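Reviewing the structure listed below.
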Amino acid sequence: MMLLLAGVLALAGCGKEKPAALVMEGVTVDLPKLKEAFATASPELKASVSEVGMGVRYNDYSRAFTALAKLDSAPDLTEPQKKIVSEVADQVKQLAAKAAAPPAK
């Protein structure tokens with residue numbers, strides 16, 4: 001009986017929650033998914049992923065777009081990597097557009 005309880009407790013501790021996507025100005029930017037897609041990539045690509053995150057967090061969208069362009073032009077990207085780069089680029093475009101829009105009266 002104790003062995004069964006220990007097994008259940010061990011399995012319960014193994015389930016890590018994935019970080020939630022960032023929501024800013026009502027736009028969801030899936031930075032955790034981008035980071036996950038490049039988890040085994042080269043240090044240069046990982047640095048670009050970090051730059052995307054920094055650009056989004058600090059409202060420096062040109063920084064985010066530059067880093068996304070580097071990721072997009074990298075040779076040997078997998079289809080899932082290409083897809084998430086495109087999705088995040090679209091999300092950052094939406095965020096940049098909302099930030100540039102005049103406030104509603």
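The values are calculated or read from the model by the stated rules, or taken from the named source; none is laboratory data. Everything quoted here is computed from the prediction, not taken from an experiment. Glycine also receives a Cβ, built like all others from the backbone with ideal geometry; neighbour counts cover every protein chain displayed.
Below, the figures for the structure above:
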| quantity | calculated |
| --- | --- |
| Any hit, the stretch 3-10, residues being at pLDDT below 95 and part of a loop (DSSP other than H, G, I, E, B) | no |
| Residue list for the stretch 48-95, filter: polar (S, T, N, Q) and in contact (Cβ under 8 Å) with a residue 60 or more places away in the chain | Gln91, Gln94 |
| Residue count for the stretch 15-31, restricted to those that are at pLDDT below 85 and surrounded by 13 or more Cβ atoms within 10 Å (Cβ to Cβ) | 4 |
| Of residues in the stretch 32-47 being basic (Lys, Arg) and without any contact (Cβ under 8 Å) to a residue 40 or more places away in the chain, the one surrounded by the most Cβ atoms within 10 Å (Cβ to Cβ) | Lys35 |
